[in-house]
Amino acid sequence: MYYLAGIHISHTQTVEAIVAASTVVTLSRLVKKQSKWFKKAENEGGKTTDRSNTFMGRFVTRVHSYAIMAAPLSYLVAVVSNKFVQPEWYTKASLNIPAIEADTRLGIRIAAAVGFLGSVWCHEIILRELGKQFHFIAVRQNANVVSTGPYAVVRHPLYTTLLGQLAILSVAYWSWIPLASFGICIGAFGYKMALEERLIEEDPTMRDAYTAYKTKVPYKIIPYIW
């Protein structure tokens, strides 16, 4: 039990505060960095030459965006509004792993929160490597195939990172809710990756290079699996 300004603060509340702070800082940094790299891509890569304006293209983007944000936002609303204690409605989705003792669980959750904060570094590496090619279901005017760094391992490493973050959040929040978002994103990414790659392969300036790249890097988001 700790005291802050005369207020009793339990170990559990301390962990929830650390996890919540990690969530807020990470999300704000990700939004800031993504906005920065998108503007940079528009300046250096030019306008997009094609874009999926289909209903499903727009729909699937919204689906995975909402699913990704639903996990951290629902957690923040739950714990911040309840004085950094998970309310009953949220604990109904808790991970049930009896073999892990309470103190150990708290330590694991803190480690996961630190890992989530560190995931910003992964995003930075991927966006820096992608550079002027960064886009949302489109091909830029000054297009070229990126095949170095994370892109030498899988063709869509940004999606890999997003799925990894949801898995980490499941541990940090000790909840199944981020894993539900994980499942939704798997389906959304599967559709979106096929759409993105079709647009690239239909572009006459990119087709041959991307076909060769797909042969060299056969995995989309999970090495040796998918």
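Site pair residue 33 and residue 100 shows an inter-label distance of 2.5 nm when each label is modelled 7 Å from Cα along Cα→Cβ.
These residues, 62, 207, go from largest to smallest accessible area, 1.4 Å probe, as 62, 207. For segment 86-211, the solvent-accessible area works out to 46 Å² per residue, with a probe of 1.4 Å and every protein chain left in place.
For residue 28, the accessible surface of its heavy atoms amounts to roughly 70 Å² (probe 1.4 Å, protein chains only, rounded to the nearest 10).
Taking θ as phi - 60° and the Karplus parameters 6.51, -1.76 and 1.60, the scalar couplings of segment 16-31 work out to 4, 5, 5, 5, 5, 5, 4, 5, 4, 5, 5, 4, 5, 5, 5, 4 Hz in sequence order, x denoting glycine and proline. Estimated at the nearest 10 Å², the accessible area of residue 205 is 110 Å² with a 1.4 Å probe. Residue by residue, segment 69-79 carries 3J(HN,Hα) couplings of 6, 4, 5, x, 5, 5, 5, 4, 4, 5, 7 Hz when phi is fed to the Karplus relation 6.51 cos²θ - 1.76 cosθ + 1.60 (θ = phi - 60°); x denotes Gly or Pro. Here the accessible area of segment 80-207 is 63 percent carbon and sulfur, with a 1.4 angstrom probe and all protein chains present. Each of 58, 155 has its accessible area taken with a 1.4 Å probe; listed largest first, they run 58, 155. Phi angles across segment 94-110 convert, under the Karplus curve 6.51 cos²θ - 1.76 cosθ + 1.60 with θ = phi - 60°, into 3J(HN,Hα) values of 5, 5, 10, 10, x, 5, 9, 6, 4, 5, 5, 4, 4, x, 5, 5, 5 Hz, Gly and Pro given as x.
Could you list, in their original order, any pairs among 192/216; 33/192; 192/214; 32/83; 39/192 whose Cα atoms are separated by more than 25 Å? Working shown, then result.
On the way: 192/216 21 Å; 33/192 22 Å; 192/214 16 Å; 32/83 28 Å; 39/192 22 Å.
As for pairs spanning more than 25 Å Cα to Cα, those are 32/83.
Here's how it looks for residue 175: its modeled amide H is under 5 Å from those of 95, which are all 5 or more places away or on a different chain. The distance from the alpha carbon centre of segment 193-207 to that of segment 154-183 is 27 Å, rounded to a whole number. For the set 121, 174, the ranking by accessible area, highest first and with no ligand, DNA or RNA atoms included, is 121, 174 under a 1.4 Å probe.
The values are calculated or read from the model by the stated rules, or taken from the named source; none is laboratory data. Fair warning: this is a prediction, and the values are worked out from it, not measured in the lab. Here Cβ is always computed from backbone atoms with ideal geometry, including for glycine, and neighbour counts include all displayed protein chains. SASA here: full protein model, heavy atoms, side chains in, ligands and nucleic acids out. Shrake-Rupley method; radii C 1.70, N 1.55, O 1.52, S 1.80 Å.
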